[in-house]
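Each remark here refers to the structure printed beneath this line.
The values are calculated or read from the model by the stated rules, or taken from the named source; none is laboratory data. Because the structure is a prediction, the values reported are computed rather than measured. Neighbour counts run over all protein chains shown; Cβ positions are idealised from the backbone, glycine included.
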Ligand SMILES: Cc1cc2nc3c(=O)[nH]c(=O)nc-3n(C[C@H](O)[C@H](O)[C@H](O)COP(=O)(O)OP(=O)(O)OC[C@H]3O[C@@H](n4cnc5c(N)ncnc54)[C@H](O)[C@@H]3O)c2cc1C
């Protein structure tokens, strides 16, 4: 009997071993205390890849018992789709076709795989997955689009609808109204951390990392379903006086020059001590990012309105490098740093004259988040809040119908929360418009301008009208004077040596031409005809521009930033109009990122960083100065809040 029992036991062990050896390479069951990056390392992959193949909505919230795929056996584009038991559908996203595979169980949508897409990393890409999950959850294609990712969302919805059509089910059954009533009955939960950060954009994540490096446990509240804010979609240009890269390229620069250009570029309306902090700490902050693994290219350029070649470009596309760097750190320390997504902070909690937390809400709960040490507001600007920008606007024509480069989360919430408890808001009328918005969307994507030095602007008549290296407000004011406030950016082959050369927003020039966003021609005359401007004027404008590059003449518009002539086919043109870009005003802080009240006194327990603050850029922010602002002051805010002792 004993021997029989032993042999049955051995057989079971053998079966288990066989099963685990089959699956060992492909799945992992999460244990208590596991963090995604460690699992990734052991599985010889990356946390990013695991997030992708497991459709993880929130990569730092894995739970014991959860089964993770270590390899992507299904979304592998090399795999023959016909082998998979699913219906394929296609829809148009932001950047081309989104292909999905829908599998059904009876009439029920069992799974949706995003098989192919070209959506922007960290933004549209994540939205496709969120929408797929929502469709499955509600068994409906009438779900809401992810805010700020409408095209990616509708691409998935159209693709799923097509796939369902192929499956021969009754499509009307999947157009049912989504019942959200269950999620509207909210509970109430309490959370505690040393430091509470509101906003998971660049400044908020920098603050979270820095607070943790200074010994704090951190809770981050983010109202959108994904991290990154405007930072992740930014052009990512980072101004810093760089002792290595600039001197290697023979660019003369100094902290003093960066200070003067920033202060005077903002019409001397910024707080000098904040400008000084920004320019002095911009390079050490860049080194801080590098110490966490972030990589910057060696090339230095002049981003639009930067006034000087000191803009650094990350290796990773758009702003993803910053956000991925912070998130890798946060994932490594996920037991100490928690991020609550889709959780909107609504007000600050003040007890005995000190800010001790924030109240927030998400579909499931009211969240009372209490802070032992401090609360950091990093909610960004208010460029996407039409009422607020009209209320404060004094510099521009009516802004109601102007589009914005910003994501929908940029509504200034943190400023109003801070003001409600007595914080001082400064420079609120300083709203930055750019001359380079995409006419239909206001977005910066699609712009064919690379570096200031290599491109030229002409109006609808084919004439130049401004120094293209001028301050942003000067260029935009000049653009408002042109017919239909419309201009064309003109560049040549030197900006795009091959069709797959990308612009600053990770789009190839071939894609932009195919989509009708950019126009391409072998001669300037042909280009003029394509874009409907006078060919004689365009040719003359380019000739004069080229003479100024060669220093044969003084540039008629006073431009000094030149590098290459525009003389090599193919030539490209892209249309641009004014767009709302940045709000320079916000919460007044000191150099420790402490929030000040209307009498200039520190509000205990409250800190702010990034575009939520004012006083750093004056009336006009230099291009490439906002990202370093988020890193420098985010880092300072994190450190200050972590070290804040309420008992002192
Ligand atoms: C298209 C574009 C391109 C740009 N390019 C450059 C560039 O090349 N170089 C440069 O220096 N600057 C650039 N900028 C400006 C720069 O990117 C921003 O100023 C900066 O990223 C703002 O960072 P932030 O952390 O302050 O705000 P954000 O990154 O916008 O983050 C704020 C976060 O707070 C969240 N939030 C808001 N309200 C709440 C609430 N109530 N509760 C919880 N969370 C909330 C938001 O959802 C968001 O995630 C660009 C901006 C845009 C829009």
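Within the range 616-644, the set of residues being within 14 Å of the ligand (Cβ to nearest atom) and either part of a loop (DSSP other than H, G, I, E, B) or not assigned by TED's automatic domain parsing to the domain that holds residue 292 (or both) comprises 616, 617, 620, 621, 622, 623, 624, 625.
Given the criteria crowded, with 22+ Cβ neighbours inside 10 Å and in contact (Cβ under 8 Å) with a residue 12 or more places away in the chain, does residue 237 qualify? The answer is yes for residue 237.
Screening residue 460 on (1) touching a helix residue (DSSP H, G or I) at 6+ places or on another chain (Cβ under 6 Å); (2) farther than 20 Å from residue 543 by Cβ shows it passes everything except condition (2). Within the range 361-383, the set of residues being surrounded by 24 or more Cβ atoms within 10 Å (Cβ to Cβ) and within 16 Å of the ligand (Cβ to nearest atom) comprises 367, 369, 371, 375, 376, 377, 378, 379, 380, 381, 382, 383.
The number of residues in the range 394-410 that are in contact with a helix residue (DSSP H, G or I) (Cβ under 8 Å, 6 or more places away or on another chain), more than 16 Å from the ligand (Cβ to nearest atom) and farther than 17 Å from residue 585 by Cβ comes to 3.
For every residue, the table says whether it meets (1) in contact with a helix residue (DSSP H, G or I) (Cβ under 6 Å, 6 or more places away or on another chain); (2) under 28 Å from residue 436 (Cα atoms); (3) touching a residue at least 40 places away in the same chain (Cβ under 8 Å).
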residue: 250; (1), (2), (3): no, no, no
residue: 258; (1), (2), (3): yes, yes, yes
residue: 277; (1), (2), (3): no, no, yes
residue: 291; (1), (2), (3): no, no, no
residue: 297; (1), (2), (3): no, yes, no
residue: 301; (1), (2), (3): no, yes, yes
residue: 307; (1), (2), (3): yes, yes, yes
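Apart from one condition, residue 262 fits all of (1) part of a helix (DSSP H, G or I); (2) away from the ligand (no atom under 14 Å from the Cβ); (3) in contact with a strand residue (DSSP E or B) (Cβ under 9 Å, 6 or more places away or on another chain); (4) more than 30 Å from residue 35 (Cβ to Cβ); the exception is (2).
For the range 411-434, residues that are away from the ligand (no atom under 14 Å from the Cβ) and within 29 Å of residue 516 (Cβ to Cβ) total 0. Among the residues of the range 591-612, just one is without any contact (Cβ under 8 Å) to a residue 40 or more places away in the chain and assigned to a strand (DSSP E or B), namely 602.
Counting only helices (runs of 4 or more DSSP H) wholly contained in the range 201-259, the ones carrying 2 or more residues that are within 16 Å of the ligand (Cβ to nearest atom) and within 26 Å of the chain's Cα centre (by Cα) occupy 202-213, 229-233.
The lone criterion from (1) modelled with pLDDT under 95; (2) in contact with a helix residue (DSSP H, G or I) (Cβ under 8 Å, 6 or more places away or on another chain) left unmet by residue 233 is number (2). Considering 561, 538, the condition of being touching a residue at least 40 places away in the same chain (Cβ under 8 Å) and buried (at least 19 other Cβ atoms within 10 Å of the Cβ) is satisfied by 538 alone.
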